[in-house]
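All remarks here apply to the structure that follows.
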Amino acid sequence: MQTLQPPAWARAKGYSNGIAATGRLVFIAGQIGCTGQGEWKEASFGGQFRQALANVLEVLAQAGGRPEHVVRLAWFILDKDEYFAALKDIGAAYRELMGKHYPTMTVVQVSGLVDAQARLEIEANAVIP
């Protein structure tokens, strides 16, 4: 896996601008903040983020993947102010689950999600060497 960083650009903080990788492709559907059994344990944005990311990694593990194999995360959030207010909790959960691996990321505010309890949804792509 190679991080793509144009030399004249400022280093991205908390994500990579691009990644080149070779291997087995894994595509993970959007995951929300409930458990795999559909149980809601968290109402807060930070708590739902932690659960959604844990769900992504649990699906990835089924293909033999680990956090460092994630090449792309796309986050769909309902409220950017809620997102910014939860950055401390998001950062702690991210470091706990992903360590210091920063794939490409996109965060998009959307007008709604299918599940009314969800505050965000995360989908992922990974490449397992």
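The values are calculated or read from the model by the stated rules, or taken from the named source; none is laboratory data. All values reported here derive from a predicted model rather than from experimental measurement. Heads up, the Cβs are rebuilt from the backbone with ideal geometry, glycines too, and the neighbour counts pull from every protein chain shown.
Observations on the structure shown:
- Subset of the stretch 1-43 that is part of a loop (DSSP other than H, G, I, E, B) and in contact with a Gly (Cβ under 9 Å, 6 or more places away or on another chain) - its residue that is surrounded by the most Cβ atoms within 10 Å (Cβ to Cβ): GLY33
Yes/no per residue for (1) out of contact with any Pro (no Cβ under 6 Å at 6 or more places or on another chain); (2) outside any helix (DSSP H, G or I); (3) surrounded by 13 or more Cβ atoms within 10 Å (Cβ to Cβ):
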position	(1), (2), (3)
PHE49	yes, no, yes
ALA52	yes, no, yes
VAL56	yes, no, yes
ARG72	no, yes, yes
SER111	yes, yes, no
VAL114	yes, yes, no
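- Residue satisfying all of: in the stretch 1-31; among the β-branched types (Val, Ile, Thr) and within 19 Å of the chain's Cα centre (by Cα); farthest from LEU120 (Cα to Cα) among these: THR3
Conditions tested, residue by residue: (1) aliphatic (A, V, I, L, M); (2) part of a strand (DSSP E or B); (3) crowded, with 16+ Cβ neighbours inside 10 Å.
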residue: ALA92; (1), (2), (3): yes, no, no
residue: TYR102; (1), (2), (3): no, no, yes
residue: VAL108; (1), (2), (3): yes, yes, no
residue: ALA118; (1), (2), (3): yes, no, yes
residue: ASN125; (1), (2), (3): no, yes, yes
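- Inspection of the stretch 76-85 identifies at least one residue that is at pLDDT 95 or above, within 11 Å of the chain's Cα centre (by Cα), assigned to a strand (DSSP E or B) and within 22 Å of VAL127 (Cα to Cα).
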